[in-house]
Amino acid sequence: MTWLRHAWRVATIPAYSILLAFAIAAILILVSSVFTPTGFDPLLPIAAYLRLLIGAFGSTTGLTNTLVAAAPLMFGGLAVGIGLKAGLFNIGVAGQFLVGAFASAVVGTSLAQAPTVVGMPAAMLAGAAAGAFFGFIPGYLKARTGAHEVVTTIMLNNVALLILTWAVNDLVRAPGYSFPRTGEIGLAALPVLAGRNLHLGIVLAVATIFIVRWILDRTTLGFEIKTVGLNPDAARYAGMRPVFITALTMTLSGLLAGLAGAIQMLGVIGFYAPGITAGVGFDSIAVALLGRSDPIGILFAALLFGAFRAGAPLMQIETSVPIEVIDIIQALVILFLAADLIVRKVFRVRAEKVQIREMATVTGSWAGPAAGGKAP
Amino acid sequence: MLEMRAITKRFPGGTLANDGIELDLRAGEIHALLGENGAGKTTLMNILYGLVTPDEGEIRIDGRPVTIHDPADAIARGIGMVHQHFMLVPVLSVAENVVLGQEVTRGPQLLDRAAAVRRIRDLAERLGFPIDPTARVDQLSVGQQQRVEILKAIYRDARILVLDEPTAVLTPQETREIFTVLRRLREAGTSIIFISHKLDEVLEIADRVTVIRRGRVVGSRRPAETNEAELAELMVGREVSLRVDRGSSHPGDVVLEATGLRASDDRRHEVVRGVDLVVRAGEIVGIAGVAGNGQEELVECLVGLRRPNAGSVRLGDRDITSASVDGRRDLGVAFVPADRHRFGLVLPYSVRDNVVLTRYAEPPYAGGLGGFMRQEDACEADATRLIAEFDVRTPSAAVAAGTLSGGNQQKLVVAREFRHDLRLMVLDQPTRGLDVGSIEFIHKQVIARRDAGVAVLLVSAELDEILDLSDRILVMFRGRIVGSFAASEAQREKVGLLMATGEART
Amino acid sequence: MDILLIPRLVWELLVYLLEVMPDLLPIILALATPLALGALCGVLNERSGVVNIGIEGIMLMAAFFGYLTGFALHENIGPGPAVVAGVVVAVATGALLGLLHAWLSVTVRADQIIAGTMMNIAALGVTGYLNRLIITPSGKGGAGVMAPLQLSPELTGFPVLGPILAMFLNQGPIAMTVIVFVLVTQFALFRTRWGLRTRAVGEHPRAADTVGIDVFRQRYINVVVGCAIAGLAGAYLTLESTGAFQNGMTGGRGFIALAAMIFGRWTPIGSFLGALLFGTATAFGVVVSVHPAEGDLGALLKAIPTYWYAALPYLITIVILAGVVGRSRPPAADGVPYAKEGRA
């Protein structure tokens, strides 16, 4: 039972933050309902949240959708989380996701006829490699020049969007479609394990959670990553190479984000076209922050936000409450996590802090060379 | 004119910093507040200056009780303070720093620079030291910066001036100059509270001395009626030997040799300008110098944290100029950094992880999968052994290093670095901020290693520590070694003069 | 290989630039305006020691609420007053969000990068939500725009001086006054009591505190005023530049603005030059497609896909950031919350 008590102590603030976020969002739904044709409806928030729950958990399809939506969030959350462990804030998961999805689509198309055991892993690897490369760029720039990843990764998100749109228009456009897109991935798709779309990627995502946890907790690489994140100067003193670790961790982060794109491509979307959603990007940040950048925390946070994403369409169809309310709830959760003072005041709780210590390193390197940057 | 009655302050965590302290200050006197680091002197003065709110007690000025909520209140009541760590904005000019908060303006907002410069120049001349009001503060020497601090207080018409450890960063010459300024201020009617833990200075400058120990006043004396030994006993609570027994040294082969070393600081100014030095096995070489004369960068070059612009570093017969930090460590180089929070420890990590911080990737602390796996049992065993050996007070090896006291944190760093297979130890401020007991302990450890044949390079801002421990003393000034003394011929005054001017005789 | 190719290309580029100058210059300022205002917000925030990466979100929200106001009022009170009301609301939105950021960064001492991230996500959510709920179903569009001034062709036709005049005056009211904002901020930062205190608080808040300056108050003022200016940038996007709102229309401008600020070494004038640089990169892409060049240069420029031109400002941001950071120094206390230890 002690582990249960420990779990509650760790989860208190996040749980209350979510509760509070829903409460504030309910007020917003109420107030904004005045401006709709249907007019003010005091029961609207309850109706909306009920549909959200039913959409996410109310049926086998709903549950499957929740898991399917959670899988890329696990990869994306891990991407942001492992970056945070090294004192890096990767807000470029959206871009890395897109290049990962694109690369796996292209390779998947070319191996569409090959056996799944060949085509699928090859396409996954391509996505991982593309994401890793796209993470390496800001990682290298941070390590070498001190250009802060918060700005460079956002810029690369836009670059990815534009360049991939060009690529799918001019380079790899499949013939026979009315709009620019890649071809069919055929046998390279992730096998469906059960139901309509419960694909293998979910298993891979959960497995990756434990692999990352093992790396961080049990290996010397994990020790190096954590030391650089907590105190880059001490890492240098200890003989580690923060410059190298920074570039490597950002590459790993990009790799995980690229895998998020790959499993989404090979398990759900099936082809790359301009405008495919990269909402996983911002969701991943929320997942990592809610999970306190801890792999197990990320597992639960991804399931939760996966449920929101899975349930939101039903909510919008049946109650006309826009799905963007999920973004608002996400922002509010982050707000209450950042300002846990509010939660403590409202619920009168004394619980463990949720602040991520490594954020001090992230903010400390703002606009200046990382502390490890002046290594010889 | 100032009375502090029954001042009590308890910090979160339970430390009783001030426990019913009584202090009174008469007009035109210099009143010294004497105590060890951590005795509560600074807390008391921060209460007076409105930086800390007391839990209990009363402050009276000219007989009337006053409440001081913040520094603005203190300034309004004529209290000025020169903090131990200067409260100056480095990138602003002297004039801007002095007027900050009480700016000379034309209209409500427009700064009148010319008027400010004029007023400050007048004020400085009145106090008897020239200063350029348009100079940027980060271009000034430490002694000049201190004058800016005094100017700030006098500009605000301070009648009560508090100086917190004003001589800690000064050379003996600068100290004498500041004493002249203080005496001049006293003659002009300013009352001065002088905080220090240096007995000789207190006896020289003060009209009265109040000694504080562990947050309580333990005695008040007039200099004429007391002596160093009595004050020391009051301050520490037991009789202490003020000098360590160093014994004699038996230098052997050359272990460390630096030739023509040049290096730049983080702002790319060259601050080490051609240093040659040699440290032999079994001797302690001390580098004396006012902080900021390139010692920090020199040390970082020697241990591999900074790449020199020119010159070479040799360990025995190996050139290690471009060897990495861990490469040097493997060759037997230990390093106790000046700033244990910045370099020495990862505060959120457990004591255990900090103990293996520098050797985490070596067997037996790592092994399996090609040395990729950490071996926690080996780390734990090592931590337990070192905790016992160096008397680190901690509940267990699993608690975070950040929860330990400063002294125990320093012991943890020292314990980690003082391994058995050492050839060279580089110690930068190894005892900064520690209590007397811990200092004694660490000094004894250093001497023991020396006697075992380790070469020791000691850098310290405390001239006394250098004089007490070193077999040979080098003086560093503006990036160069300007003097070398054998321990027997190193006189305080001579070393101090070199530290201050870079010349043996002016 | 024609050995004269490179010199010829350079020559053709110069001629081409001179030719398109009258078109190019006004576009540059128009494109630089939101960046310059955003960068001013960054300067005011960071000079006082508060990092704000939420400028993007603040711009977006201000753009939306300004637009919403114009959209709701222009049938009742006429397009002109509606647009003015929209600008006021946008600036107020910026100030209000600034108050939130200040509260989080200064009072609560939350991590400032997380607070900014929250702002950006919230902005996407709130504007997307209300857009779908209110504006899209109405089927109506447009809040009107503030019409730009048009100088007479005789004036702008004047060689060299004409295009420069057009650059600053053939603009709507917000773009026209950017330069005033920049100069006033520069002067205020380095010549006034407020500016001196701002710099002191951003460099060494404890030193400022010990001379009786209210660090919290100073930071609050700076963040709120700065974010109000970011609100004006938002108003520019919807009420002066395009007259419409699209989800996520800020498109990273808030972050490019931060790059411009770093490029300008945290000074208003430097940041403005940085913004002009990014404006030039974007404007070039626009002009090339409108006025295709001729000869070898034309062939070369046409060979580059338009998507690459569109990506140019983002790529330049990265390159500039990588090249400039390390050579410029942020305010020493940037991003570090101030704690008054031991005071009740």
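Just so you know, all these numbers are worked out from the coordinates, no wet-lab data involved. Being a predicted model, the structure only gives us computed values, none of them experimental. Please note: Cβ atoms are built from the backbone with ideal geometry, for glycine as well, and neighbour counts cover all protein chains shown.
If you keep only loop residues by DSSP, which trypsin sites (Lys or Arg not before Pro) in the range B:355-434 have at most 12 other Cβ atoms within 10 Å of their Cβ?
Qualifying residues, ordered by number: B:Arg393.
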### Message
Can you give me the distance in nm between label points at B:Arg314 and A:Leu30, each placed 7 Å from the Cα along the Cα-to-Cβ direction?
### Response
8.2
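Let's test the formula: R0 of 25 Å, r as the Cβ-Cβ distance of B:Glu187 and B:Ser220. What FRET efficiency results, to the nearest 0.05?
Values: r = 23 Å, r/R0 = 0.94.
FRET efficiency, B:Glu187 to B:Ser220: 0.60.
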### Query
Relative contact order (percent) for the range C:13-112, with alpha-carbon contacts under 8 angstrom and 6 or more residues of separation?
22
### Message
Along the Cα→Cβ direction, 7 angstrom out, place labels at A:Ala174 and B:Ala378. What is the inter-label distance in nm?
### Response
5.3
### Message
Can you tell me which lysines have their Cα less than 27 Å from the Cα of A:Lys142? Leave out same-chain residues fewer than eight positions away.
### Response
A:Lys85, A:Lys226, A:Lys374
## Note on the structure
Cα extents of chain B per principal axis, largest first, Å, are 72, 49, 48
### Query
How large is the helix-only mean residue ellipticity at 222 nm for chain A, computed as the sum of -39500 (n - 2.57) over DSSP H runs with n ≥ 4, divided by its residue count, in deg cm²/dmol to the nearest 500?
-23500 deg cm²/dmol
### Summary
The number of Lys pairs in chain B whose alpha carbons lie under 30 Å apart, excluding pairs fewer than 8 residues apart on one chain, is 14
### Summary
Spelling it out for A:Leu193: with amide H atoms placed in the peptide plane at 1.01 Å from N, the residues 5 or more places away or on another chain with amide H under 5 Å from its amide H are A:Leu198, A:His199, A:Leu200
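Rounded, prolate or oblate: pick one for the range A:39-176, where a ≥ b ≥ c are the square roots of the eigenvalues of its C-alpha gyration tensor, a/c under 1.5 means rounded, and failing that, prolate if a/b is larger than b/c, else oblate.
In terms of gyration-tensor shape, oblate.
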### Task
Return the lysines within reach of A:Lys345: Cα separation strictly under 18 angstrom, same-chain partners fewer than 8 residues apart disregarded; answer none if there are no such residues.
A:Lys353
### Query
Taking only Cα atoms, what is the 0 to 90° angle, nearest 10, from helix B:406-417's long axis to the longest principal axis of chain B?
20
### Query
How long is the gain from B:Arg118 to B:Asp421 if the chain were fully straight, where each residue apart is worth 0.36 nm and the alpha carbon distance is subtracted?
102.9 nm
### Query
What is the dipole size for the protein assembly as shown, taken about its Cα centre, with +1 at each Lys and Arg Cβ and -1 at each Asp and Glu Cβ, in debye to the nearest 20?
920
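Using 0.36 nm per residue of separation minus the Cα-Cα distance, give me the extension gain between B:His341 and B:Asn227 in nm, one decimal.
Value of the extension gain: 37.3 nm.
Using a ≥ b ≥ c from the Cα gyration tensor of the range A:231-371 (square roots of the eigenvalues), is it rounded, prolate or oblate, where a/c under 1.5 gives rounded and otherwise the larger of a/b and b/c decides, a/b for prolate? Provide the component values of the computation, followed by the final result.
Numbers: a/c = 2.54, a/b = 1.28, b/c = 1.99.
Cα axes put the range A:231-371 in the oblate bin.
Considering Cα pairs under 8 angstrom that are at least six residues apart, work out the relative contact order of the range B:28-105 and quote it in whole percent.
Over the range B:28-105, the number comes to 20 percent.
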#### Entry: Nearest-ten-degree value, helix C:193-203 long axis tilted from longest Cα axis of chain C
80
## Note on the structure
Convex hull around the C-alpha positions of the protein assembly as shown: the volume in Å³ per residue is 220
### Task
Under 17 Å Cα to Cα from C:Lys302, which aspartates and glutamates show up? Leave out anything in the same chain fewer than 8 places away.
A:Asp170, C:Glu12, C:Glu294
## Note on the structure
Here FRET efficiency (C-beta to C-beta, C:Thr306 to B:Gln173, R₀ 60 Å, nearest 0.05) is 0.25
## Note on the structure
Cα extents of chain A along the principal axes, largest first, in whole Å, come to 65, 60, 42
### Query
Just from the alpha-carbon atoms, what are the Rg and Dmax of the range B:260-345 in angstroms?
12.8, 36
### Summary
Hydrophobic long helices for chain A, i.e. whole DSSP H runs reaching 18 angstrom or more by Cα along the axis with Kyte-Doolittle mean at least 1.6, come out as A:44-57, A:201-218, A:325-338
### Query
What is the Cα centroid distance between the range A:254-306 and the range A:15-55, reported in whole angstrom?
25
### Query
Counting other Cβ atoms within 10 Å of each Cβ, which GluC sites (Glu not before Pro) in the range C:237-344 have at most 14 and sit in a DSSP loop?
C:Glu294, C:Glu341
### Summary
Rounded to the nearest 500, the 222 nm mean residue ellipticity computed for chain B from DSSP H runs (n ≥ 4, each -39500 (n - 2.57)) alone is -9500 deg cm²/dmol
### Query
For a label point 7 angstrom out from the Cα of A:Thr61 toward its Cβ, which stretches of the range A:293-308 have the backbone nitrogen within less than 18 Å?
A:307-308
### Message
If you fit an axis through the alpha-carbon atoms of helix B:436-451 and take the longest principal axis of the Cα set of chain B, what angle between them do you get, 0 to 90°, nearest 10?
### Response
30
#### Entry: Under 5 Å, built H, 5+ apart or other chain: amide partners of B:Thr321
B:Val313
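Going through the range A:94-188, which trypsin sites (Lys or Arg not before Pro) have at most 16 other Cβ atoms within 10 Å and a DSSP loop state?
Qualifying residues, ordered by number: A:Arg173.
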### Task
State, to one decimal in nm, how far the label point of B:Arg136 lies from the label point of A:Val203, with both points 7 Å from Cα in the Cβ direction.
6.3
### Task
With a/c under 1.5 counting as rounded, go ahead and sort the range B:1-85 into rounded, prolate or oblate using the C-alpha gyration tensor (a ≥ b ≥ c being the square roots of the eigenvalues; past the cut-off, prolate if a/b is larger than b/c, else oblate).
rounded
### Task
For each of A:Lys226, C:Lys302, count neighbouring Cβ atoms within 10 Å of the residue's Cβ, then give the residues from fewest to most.
C:Lys302, A:Lys226
### Task
Return one quarter of the surface area of the convex hull spanned by the alpha-carbon atoms of the range A:104-155, equal to its mean projected area, in nm².
4.1
### Query
Tell me, what is the percent relative contact order of chain B, built from C-alpha pairs under 8 Å that lie six or more residues apart?
15
